[in-house]
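K.L.:
Got a structure here, written out as structure tokens. Questions coming.
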Amino acid sequence: MYSLPLSYYFNNASALVYGCMGLGGDGASPLLTAADHQQAEAAVEAALDAGITVFDHADIYTRGKAEAVFGALLKRRPELRERMVLQSKCGIRFADEQGPQRFDFSPEWIRHSIEGTLQRLNTDYLDIYLLHRPDPLMEAEPVAELFQALQDEGKVRHFGVSNMQQHQMRFLRSFMNTPLVANQLELSLTALDWLNHGVDTNTPWGADLTFNAGTLEYCRLQGIQLQAWGCLSQGRLTGRDVSGEPESVQKTAQLVTQLAEQHGTSREAIVLAWLQRHPAGIQPVIGTTRPERIAACVQCSEVTLSREEWYQLFVAARGVRMP
Ligand SMILES: NC(=O)c1ccc[n+]([C@@H]2O[C@H](COP(=O)([O-])OP(=O)(O)OC[C@H]3O[C@@H](n4cnc5c(N)ncnc54)[C@H](OP(=O)(O)O)[C@@H]3O)[C@@H](O)[C@H]2O)c1
């Protein structure tokens with residue numbers, strides 16, 4: 001039975017998250033075009049029609065324009081807001097006259113970021129606010145104090161993190177009065193460290209695995225929702241030309257096509273069902289801007305892969321047999 005940890009906090013949370021990183025058009029231009037507005041409206045409508053209620057943003061996506069184009073839609077159609085679980089992220093700063101691209105979890109920057117996000121999204125509150133990428137200079141106590149203040153002010157309901165290892169989460173959580181509800185990580189058939197670290201112990205190739213052991217288990221024990229970014233592998237397993245890619249990617253793409261035919265479903269549904277077959281209750285964050293691909297993705301709710309199919313895909317994507 002597929003169980004979503006986030007349902008504990010939001011009874012309308014959907015199994016898929018719609019990732020808004022591709023909305024807002026050209027990041028190099030500060031202006032939103034009519035085409036950007038049309039694209040955002042079509043994508044959000046397609047997502048809602050398909051039963052997706054959770055929407056993922058970040059202050060940096062298309063340099064604020066993803067939030068702005070979404071907020072313009074909410075301004076035109078405010079009734080949509082209460083159907084949504086709205087989440088955004090902060091803590092990545094682009095290079096500017098003050099410094100290189102960097103991470104900033106200082107309370108001043110987080111405060112600045114959330115005020116901008118709420119304004120652009122045209123909303124009084126976020127349902128979930130994530131720290132985007134671990135800042136080595138983070139001081140946990142002031143961050144926790146700011147989180148408390150933002151909750152007290154009604155600006156954020158729940159907090160989470162992204163790209164964090166279990167030790168970083170434990171450390172931060174120990175200063176907080178409120179739980180962490182989500183951790184967004186790159187989890188897919190083409191980014192396999194999250195599984196390989198658990199099966200490649202004491203192998204020659206296991207030595208340079210970077211995914212921190214125990215993160216998955218920590219999230220499961222704490223009821224923290226794992227969200228998978230990059231879950232469609234940017235189309236590499238679902239139709240994009242992969243002739244220049246490693247053999248493992250090409251073979252996995254072929255297998256995905258074969259399984260899609262056997263199950264009478266889309267290729268997107270197979271790669272998402274593969275993530276959902278894991279017992280952690282992973283919530284894939286789909287980043288496509290196209291309504292037809294959104295529809296192809298939600299077909300995953302009708303697919304359950306067998307253990308054998310799951311391992312076929314895992315072994316093909318690893319490119320190395322199980323030990
Ligand atoms: N927390 C983090 O650090 C982090 C990092 C990256 C992303 N994210 C979140 O995760 C979401 C998804 O991430 P993502 O966009 O990197 O990954 P994704 O969902 O794996 O890939 C989406 C991208 O792949 C393209 N694509 C999908 N199928 C395709 C196909 N068959 N042929 C050609 N192109 C295809 C899409 O283009 P179309 O739009 O044309 O379909 C889109 O550009 C983002 O929107 C964002 O919300 C979070």
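The values are calculated or read from the model by the stated rules, or taken from the named source; none is laboratory data. Everything numeric in this text was worked out from a predicted model, so none of it was measured. Reconstructed Cβ throughout: ideal geometry from the backbone, glycine too, with neighbour counts over all protein chains shown. With ligands, DNA and RNA removed, areas are computed over all heavy atoms of the protein, side chains included. Shrake-Rupley method; radii C 1.70, N 1.55, O 1.52, S 1.80 Å.
K.L.:
Checking TYR9 against (1) within 30 Å of ASP104 (Cα to Cα); (2) open to solvent by 10 Å² or more (accessible area, probe 1.4 Å); (3) within 13 Å of the ligand (Cβ to nearest atom), which test does it fail?
P.N.:
Just one mismatch for TYR9, condition (3).
K.L.:
Can you work out which of the residues in the range 257-270 that are surrounded by fewer than 24 Cβ atoms within 10 Å (Cβ to Cβ) and among the small types (Gly, Ala, Ser) is nearest to the chain's Cα centre (by Cα)?
P.N.:
It comes out as SER266.
K.L.:
Here is a further query. Among the residues of the range 277-323, count how many are open to solvent by 40 Å² or more (accessible area, probe 1.4 Å) and within 17 Å of GLY264 (Cβ to Cβ).
P.N.:
So the count comes out to 6.
K.L.:
Mind listing just one residue for me: the one in the range 145-179 that is open to solvent by 10 Å² or more (accessible area, probe 1.4 Å) and either within 16 Å of the ligand (Cβ to nearest atom) or touching a Leu at 6+ places or on another chain (Cβ under 9 Å) (or both) and, of those, farthest from GLY223 (Cα to Cα)?
P.N.:
Among residues in the range 145-179 that are open to solvent by 10 Å² or more (accessible area, probe 1.4 Å) and either within 16 Å of the ligand (Cβ to nearest atom) or touching a Leu at 6+ places or on another chain (Cβ under 9 Å) (or both), the one farthest from GLY223 (Cα to Cα) is LYS155.
K.L.:
Next up: Tell me, which residue of the range 35-70 that is more than 15 Å from the chain's Cα centre (by Cα) and among the acidic types (Asp, Glu) is nearest to CYS300 (Cα to Cα)?
P.N.:
Here the answer is ASP49.
K.L.:
Suppose we filter the range 213-256 for residues that are within 14 Å of the ligand (Cβ to nearest atom), surrounded by fewer than 15 Cβ atoms within 10 Å (Cβ to Cβ) and in a helix (DSSP H, G or I); how many remain?
P.N.:
Number satisfying all stated conditions: 1.
K.L.:
Between a first residue in the range 41-64 that is farther than 13 Å from ILE92 by Cα and a second residue that is among the hydroxyl-bearing types (Ser, Thr, Tyr) and assigned to a loop (DSSP other than H, G, I, E, B), which pairs have beta carbons less than 6 Å apart while being 6 or more apart in sequence or on different chains?
P.N.:
ALA43/THR289; GLY51/SER14; ILE52/SER14; THR53/SER14; VAL54/SER14
K.L.:
Counting only residues that are more than 16 Å from the ligand (Cβ to nearest atom), closer than 22 Å to SER7 by Cα and modelled with pLDDT of 95 or more, give me the helices (runs of 4 or more DSSP H) lying completely in the range 265-323 with at least 3 of them.
P.N.:
Counting at least 3 such residues, we get no helices (runs of 4 or more DSSP H) at all.
K.L.:
Could you count how many residues in the range 16-30 are open to solvent by 20 Å² or more (accessible area, probe 1.4 Å) and modelled with pLDDT of 95 or more?
P.N.:
3
K.L.:
Please state which of the following conditions GLU186 fails to meet, knowing it meets all the rest: (1) within 17 Å of the chain's Cα centre (by Cα); (2) of a type in the set (Asp, Glu); (3) near the ligand (Cβ under 10 Å from one of its atoms); (4) more than 19 Å from TYR18 (Cα to Cα).
P.N.:
All conditions pass for GLU186, except number (4).
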